Amino acid sequence: MSPLTAVGIVGLPLALLGLFVAAVVPNGWAFAAFAAASYLAEPPALRRIVGSMNPLGRVCVSVTAGSVVRGASALVLLARLGEAGTSTFVVVVFGFLALQVLRVGFAALLLFVWWCRRLPVVTRNVDLSVLRIPNAPPRNLMDLHRGPLALVDLPLIAGVAVAAVADLRWAVVGTGIALLAGLVTTGWLARHAWRIRHLANKGAVLRTVNEQLQAYAPEVLVYFSGAIESAYQLNGWLPTLDRLDRRVVVVLREREMLPRLDPTSRPVVCLPLGNDLTAFRLPSAHVALFVANAANNTHLLRQPDFRTAYLGHGDSDKPTSFNPFTKVYDEVWVAGPAGRERYARSRVGVADADVVEVGRPPLWPVDAAGAGPLSPMPTVLYAPTWEGFHGDPGAATSLIGMGPEIVRRLLERVPRVRLIYRPHPLTGTLNRRARTAHAEILTMIDQANASRDALPEFRRRAEDEQRERTAKAVQLPQLARRLEELRQPSGGRGDEAQAARDAGSPALPPGAAWESALAAWQDAYWAAEGWWRHRVATGSSPSLYDCFNHAELLIGDISGVVTDFLVTDKPYAVTNPAGLGAEQFRERYPAAAAGYLLGADPAELDEILDHLGKDGADPLADERRRVRSYLLGPFESDTLALFERALDSLLARAAAETGHEAPVVLSDKPKR
């Protein structure tokens, strides 16, 4: 809870109590002071109090909290001033009652507008022009805590306060202004309600969007559900989906996921309700691909028209890569032979015939030749996994027990190395110690950068390259805004309905535009600071694969990061936080077979870095290539070939088992 919220929660009841006491006394100046305090304290207090309530509860609390007390106090103040029998008092009473009627009407209109604009299906890259979605009302108009609904009685209260110390006519003036403001704002919102009224028919909206998707005739449905922090799991597959020759539609279940989704050229539909998902018919689609295991997956799995395959979001030796839940799918797609053997060893109920090796097509942005941009200083990428749910101590995160020590050794290394620290997106969500270790590492990196910048050799370089780096640094905010514009179709304005409308018919393919803008941002990111400076890479930019291209050594945990790094043909080190014997560790976790091992006390780190500095001295190079084929499948120039063959096979199987006509590939897009 922020200090402002705490002050609001404590201050609001005290201010209202003081307001009533000032009215009884009576004291006009005190009344004005407490009234002002109540208006200031109300927004943060109500945001906290009603945050977990439904929209109706929020409106009711916002309407009643403070308003009745302030209005009643104003009437008490006039009465205590001896004005109870005057026409002024009557005007204020009826004005106050009329104002409450306007409040209720405004609240009802606000709920109606909110309901109409909360579409049962939210989309990207689907033409919604037929729905005639108008622009969203101004946010201040729809603000429950700081908009007209909360402040409409302010002129009345202010007028009474002035009347108490000056002329009684101010009470009538304030009441009139409040009524006029209430009528204007209510009429303004009523106009928005009239324009959006046709969207109140949720069934018609759902049918209209369904018809648009049926006209697209998707062949493949990619389904994703999960916490908003897990958006990276789907984002990793979006460029691959854009490259497919098949018509693909992405189906989400959480509204909050859409703003976190990277742009794609494929249609995206979000169906939060299970009943709406069931009613949303796509007769041309008979294959569903799943990126993650989630409870909501059952809403689609129970539909008999689909043949399903589990993609996952990375191929690793973690228990999550052979989850027993995966036996519910018709097929389980893995990268290479290691995935097949992993399921056979685990005996979780997945038949060998249902396991299909498809390679790792999302790795196409990685420089597979291992010759990415090299800094004059050796660069080490430390990318620990998160604390997870799997309960396997050998595959646990190194961040808690080893992370700060690994980073300290890298920062103090002589000869010097540059560190890129990239924590997992879910770091610290389950374990406070992970958050503490992460914060400690960030502090260490900041201090190390300050010390390194102060060295004469780097200070001179910084001065020599200042103009070029400044130009790149200036570009970064502009490029970041471009990325945000592509991610948020309405530029952050409006609401989800307006964003869905504006993302209906993009002028350029969003996926291609995103890749181009992201490449430009990443180039500027690496060039904006000195090559000797340590970097912290969080969020989606720079991407994990871009960090691969800028690193010469990876230090990682047992996770998909280590497996994916194999495609670079660069050396890597795997942490062994449980302290298992080397032979036992490599046997249990095949991804470690071609990597150096770091124990709980990473004393081996200096020796590993010494190997990095020796030209041509890479004793594990041949073993890495063997393990790469074992884990990721055969190395092919067309990274999509195996995947598309598996997809074609599943489509043919679906056609044979469901009795519909097998789809034909209609395009021949170039592969990368």
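The values are calculated or read from the model by the stated rules, or taken from the named source; none is laboratory data. These numbers come from a predicted model, not from an experiment. Positions of Cβ are backbone-derived with ideal geometry, glycine not excepted, and every protein chain shown enters the neighbour counts.
Hey, could you check region 120-133 for residues that are under 20 Å from ARG191 (Cβ atoms) and crowded, with 18+ Cβ neighbours inside 10 Å and say which is nearest to the chain's Cα centre (by Cα)?
Only one residue fits best here, namely ILE133.
Does ASN323 count as of a type in the set (S, T, N, Q) and either crowded, with 18+ Cβ neighbours inside 10 Å or in contact (Cβ under 8 Å) with a residue 24 or more places away in the chain (or both)?
yes
If LEU620 meets every condition in (1) within 34 Å of the chain's Cα centre (by Cα); (2) surrounded by 15 or more Cβ atoms within 10 Å (Cβ to Cβ) apart from one, which number is that one?
Failing condition for LEU620: (1).
Hey, among VAL328, VAL269, VAL287, VAL291, which residue is in contact with a Lys or Arg (Cβ under 7 Å, 6 or more places away or on another chain), at negative phi and at pLDDT 90 or above?
One residue alone meets the criteria, VAL287.
Across region 572-600, what is the number of residues that are buried (at least 22 other Cβ atoms within 10 Å of the Cβ), more than 16 Å from GLU405 (Cα to Cα) and of a type outside the set (Phe, Trp, Tyr)?
Residues meeting the conditions: 4.
Going through region 77-98 one residue at a time, which ones are surrounded by fewer than 19 Cβ atoms within 10 Å (Cβ to Cβ), aliphatic (A, V, I, L, M) and part of a helix (DSSP H, G or I)?
ALA79, VAL90, VAL91, VAL93, LEU97, ALA98
Just checking: which of the strands (runs of 3 or more DSSP E) contained wholly in region 314-406 hold 3 or more residues that are not assigned by TED's automatic domain parsing to the domain that holds ALA593?
On the way: elements: 331-334, 355-357, 379-383.
Passing ranges, in order: 331-334, 355-357.
Among the candidates GLY560, GLY539, single out the residue that is surrounded by fewer than 19 Cβ atoms within 10 Å (Cβ to Cβ) and closer than 30 Å to ASN576 by Cβ.
Being surrounded by fewer than 19 Cβ atoms within 10 Å (Cβ to Cβ) and closer than 30 Å to ASN576 by Cβ holds for just one of GLY560, GLY539, which is GLY539.
Run down GLU644, GLU636, GLU657, GLU661 and say which single residue is part of a helix (DSSP H, G or I), closer than 22 Å to GLU331 by Cβ and modelled with pLDDT under 85.
GLU657
Show me the strands (runs of 3 or more DSSP E) entirely contained within region 199-284 in which 3 or more residues are in the same structural domain as LEU111 (by TED's automatic domain parsing), buried (at least 22 other Cβ atoms within 10 Å of the Cβ) and of a type in the set (S, T, N, Q).
Hits in region 199-284: none.
Which one of the conditions (1) surrounded by 17 or more Cβ atoms within 10 Å (Cβ to Cβ); (2) over 16 Å from VAL562 (Cα atoms) does ARG345 fail to meet, given that it meets all the rest?
(1)
If I go through region 78-120 residue by residue, how many of them are of a type in the set (Lys, Arg) and either within 27 Å of VAL209 (Cβ to Cβ) or at pLDDT 90 or above (or both)?
The qualifying residues number 2.
Sort out which residues of region 99-141 are on the phi > 0 side of the Ramachandran plot and in a helix (DSSP H, G or I), and write them in order of number.
Hits for region 99-141: nothing passes.
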